[in-house]
Amino acid sequence: MMRIHHLNCGTDCPIGGALFDGRSIAPLGRLVCHCLLIDTDAHGLVLVDTGYGLRDVAHPHGPGAPRITRAWRTMLNIRLHEAETAIRQIEALGYRADDVRHIVVTHLDFDHAGGLEDFPSAIVHVMQREYDDAAGPHAGMVARNRWRLPQLDGVRQWRGYGARGERWFGFDAVRDLEGLPPEILLVPLPGHTWGHAGVAVRRDDGRWLLHAGDAYFYRGEMRQARRRCTPGLRAYQRLMEVDADSRMTNQARLRRLSIEHRDEVSIACAHDAVELEHCQAGRPL
């Protein structure tokens, strides 16, 4: 059995409303941090991304090095609520932190990795290139702001993977993740970061759910031949990308996958609130 819960583990409300989320009529938009909680029975609970964590809520800017920089918090208008953290939502479902035995991260940006330390018993699975870039020296404004070492230095169990594997719908996919069932795959999707990956989960009905992380940001970028994205999210994606050609190539491949294999694969990104709402209702777009 693979029971999947769709959680929002963080809310950003950037000034611009519909220029970001495509639907708000107020001045502020709404972006989410879409995470998955997977109950695998034999392998325990698996979390895909963590959003913001308890320490981000309590002390986002220090003491010491900030977990979230003031520049990024202001730009995204980040709302930090303890009730939205993954650990509090998991506890509300009747589980404990130790029940989460594995965390698979799409990448280690501050809005995806903030809750890692809330699960000290978990093994964290990540592309090795992503870990190396996040833990290494950071040159440039974006790199210095996106990867926050205070969110990572308390993690003791890392498992890193190379970018090659068996084929999955035309993509390379890393199989045999240590301690995880074969129904959970890392799918390398570089461009947003060099170590960025999607996480594919085979549901009990045989369909796949692909959490595409930040490979795209807006629902209109998938499921139709012509890409459609809001101006705010177009600009943000360009700001955060490490390589435009890789990002757009992988996004186009995902778009084809979402059209040509729509009966076999559902795709959701990390930050689109409409996609999250449909997933929570059991009706992925």
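The values are calculated or read from the model by the stated rules, or taken from the named source; none is laboratory data. Everything numeric here is computed off the predicted structure, so don't read it as measured data. Neighbour counts are summed over all protein chains in view; Cβ atoms, including those assigned to glycine, are modelled from backbone coordinates with ideal geometry. Note: areas computed on protein heavy atoms with side chains; ligands, DNA, RNA excluded. Shrake-Rupley method; radii C 1.70, N 1.55, O 1.52, S 1.80 Å.
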For the stretch 224-278, inverting the pair-averaged 1/r of distinct alpha-carbon atoms gives a Kirkwood value in Å of 12.6 Å
Computed ³J(HN,Hα) along the stretch 220-233: with the Karplus parameters 6.51/-1.76/1.60, θ = phi - 60°, integer Hz and x for glycine or proline, the list is x, 7, 10, 6, 8, 5, 9, 5, 9, 8, 6, x, x, 6
Taking only the alpha-carbon atoms of the stretch 193-260, the convex hull volume per residue, in cubic angstrom, is 85 Å³
The summed charge of the residue 83 Cβ neighbourhood (under 15 Å; Lys/Arg +1, Asp/Glu -1) stands at -3
In order over the stretch 5-15: 3J(HN,Hα) from phi, Karplus 6.51/-1.76/1.60, θ = phi - 60°, whole Hz, x for each Gly or Pro, gives 9, 9, 10, 9, 10, x, 10, 10, 10, x, 5
Between residue 103 and residues 5 or more places away or on another chain, the pairs with built amide H atoms under 5 Å apart involve 47, 123, 124, 125
Relative contact order of the stretch 1-98 (C-alpha contacts under 8 Å, at least 6 apart) in percent is 28 percent
Cα convex hull volume per residue for the stretch 4-61, in Å³, equals 98 Å³
Residue 20 neighbourhood, Cβ < 12 Å, K/R = +1, D/E = -1, net charge 0
Note, the stretch 24-39: 3J(HN,Hα) by Karplus (6.51, -1.76, 1.60, θ = phi - 60°), whole Hz, Gly/Pro = x, goes 5, 9, 8, x, 9, x, 9, 10, 10, 10, 6, 10, 10, 10, 10, 8
Result for the stretch 217-285: accessible area per residue, probe 1.4 angstrom, in square angstrom, of 46 Å²
Given 20 °C, 1.002 mPa s and a Kirkwood radius over Cα pairs, the Stokes-Einstein diffusion coefficient of the stretch 141-189 in µm²/s is 163 µm²/s
Of every hundred units of 1.4 Å-probe accessible area on the chain, the number belonging to carbon and sulfur atoms, as a percent, is 52 percent
Taking Lys and Arg as +1 and Asp and Glu as -1, residues besides residue 261 with C-beta under 12 Å from its C-beta add up to +3
Candidate cut points under trypsin sites (Lys or Arg not before Pro) in the stretch 108-188, DSSP loop plus at most 16 other Cβ atoms within 10 Å of their own Cβ, are 156, 164, 175
Taking only the alpha-carbon atoms of the chain, the convex hull volume per residue, in cubic angstrom, is 120 Å³
Across all Cα atoms of the stretch 160-209, Rg and the largest Cα-Cα distance (Dmax), in Å, are 10.9, 33
Percent relative contact order for the chain, counting Cα pairs under 8 Å at least six residues apart, stands at 17 percent
